[in-house]
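Heads up: the structure comes next, in structure tokens.
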Amino acid sequence: STQSRSSAASDVYKRQGEYVVVVRDLTFFKTTYPVGGIKLAGEFEGDLSNTSGRIVLSGALGETIANVYYLDAWYPSTDGSGNSLVLKNPSLNPEQWRDPREWSASREHGGSPGRAEVERDSVAPGSQ
């Protein structure tokens, strides 16, 4: 398991209901996705494992905003097939983000950075 940390988001103000994107490679992201309207917080430090890991999002004072563990085995289509792992309800308390039932595979190949995921039918973890 690996750990990635982002303090890049600390300088971006997020209003309730807004999406903020932290990326690994800003140049690559801008050439891959239409960035108009996407609030980019910057780049994260470290690498994301293709199997499991922990992501820690820190605020301006070094405080932990979110500390999330993920496992791509929750949804097999997120293991290199082009789907991303998506939080079903971003307004949940970050402590609830640890529950695999709160995640799903993205509907769109490559995910939907900076915007809400299209509603999908419920699928049990490990079955997709």
Fill in: Cβ-defined net charge surrounding Y69, 11 Å radius [Lys, Arg +1; Asp, Glu -1]
+1
Worksheet item: How much length is gained if the chain between K39 and Y19 is pulled fully straight, taking 0.36 nm per residue apart and subtracting their Cα-Cα distance, in nm to one decimal?
Response: 6.5 nm
Worksheet, complete the sentence: The summed charge of the V21 Cβ neighbourhood (under 10 Å; Lys/Arg +1, Asp/Glu -1) stands at +2
Response to the item:
Shape call for region 34-81, from the Cα gyration tensor axes a ≥ b ≥ c (a/c under 1.5 means rounded, otherwise prolate when a/b beats b/c, else oblate), comes out oblate
Response to the item:
Residue span K30 to S91: 0.36 nm per residue of separation minus Cα-Cα distance leaves a gain in nm of 19.3 nm
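Read-outs throughout are calculated quantities, based only on the coordinates presented, and are distinct from any laboratory measurement. Quantities reported herein were computed from a predicted structural model and do not represent experimental measurements. Don't worry about glycine lacking a Cβ; one is built from the backbone with ideal geometry, like all the others, and counts go over all protein chains shown.
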